[in-house]
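Reading through the structure tokens given below for one structure.
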Amino acid sequence: SGQTKKKPEQISKSEDVSSASRVFSYRMEEVKLPSSVAAPPPDWGHLATISTQEQIKGLPFGNIVSVSDGPADNSTGVPYFYVTPMDNTVTDLRSFPFASLNVYDPEDPRCARLTLTGKMVEVGPEELDFAKEAMFSRHPVMKKWPPGHNCFFMKLVLQQVWLQDWEYFKATPF
């Protein structure tokens with residue numbers, strides 16, 4: 001394409017990370033989700049960051065995370081997370097706050113696959129109550145996590161939505 005790809009450490013915070021090729025992606029306002037994605041979102045996803053671990057510094061690092069976009073009766077589309085600084089993912093995000101979240105139904109690969117990419121930010125005081133309700137309503141055991149783990153709430157500020165809705169090549173249901 002003639003464009004030079006930049007390494008993560010070369011991207012300034014002021015650059016528009018969402019300017020990637022649109023071959024398989026769409027601006028958020030253009031996305032109309034199929035029913036297989038528009039159904040209740042999964043409670044877990046795969047979050048990919050750029051690693052700060054010495055052995056794999058600068059390479060992709062993925063982690064399964066609990067996620068919620070709101071209580072069941074108030075899904076917002078904004079992914080919220082309850083995380084601990086003890087997790088390598090959080091360490092990575094503090095160095096380079098951009099990540100991709102992949103969600104799909106692992107029991108039915110014919111369903112759509114959704115990847116949300118954007119900037120991970122700590123939830124501010126104005127939406128902290130909502131983030132708590134979002135996470136704890138879908139993951140009640142989190143309320144009992146040890147206080148010494150210093151968990152806090154983050155959200156993914158979306159910059160790109162990538163949707164693959166191929167219905168597994170129109171396979172016949174089994």
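Values quoted throughout were computed directly from the atomic coordinates according to the rules given, and no laboratory measurement underlies them. This one's a predicted model, so the numbers in the text were calculated from it and none came from an experiment. Cβ atoms come from the backbone with ideal geometry, glycine included; neighbour counts cover every protein chain shown.
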In nanometres, what is the gap between the two model label sites at Asn150 and Asp165, each 7 Å from Cα along Cα-to-Cβ? 4.3 nm
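Hey, fewest Cβ within 10 Å first, where do Asp69, Asp87 land in order? Provide the component values of the computation, followed by the final result.
Details: Asp69 19, Asp87 15.
In order of increasing Cβ crowding within 10 Å: Asp87, Asp69.
Find out how many positive minus negative residues lie around Glu127, taking Lys and Arg as positive, Asp and Glu as negative, among other residues whose Cβ is under 13 Å from that of Glu127. Before the final figure, lay out each step's value.
Values: positive: Lys132, Lys155; negative: Asp69, Glu122, Glu126, Asp129, Glu133.
Charge balance in the 13 Å sphere: -3.
Rounded if a/c is under 1.5, else prolate if a/b beats b/c, else oblate: with a ≥ b ≥ c from the C-alpha gyration tensor eigenvalues square-rooted, which is the stretch 47-130?
Values: a/c = 2.32, a/b = 1.20, b/c = 1.94.
In terms of gyration-tensor shape, oblate.
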Filtered chymotrypsin sites (Phe, Trp or Tyr not before Pro), the stretch 88-144: DSSP coil and at most 10 other beta carbons within 10 Å: none
Please list, in order along the stretch 130-147, the HN-Hα scalar couplings obtained from phi with the Karplus expression 6.51 cos²θ - 1.76 cosθ + 1.60 (θ = phi - 60°), rounded to whole Hz, x for Gly and Pro. 5, 4, 4, 4, 4, 6, 6, 6, 9, 9, x, 5, 4, 4, 9, 5, x, x
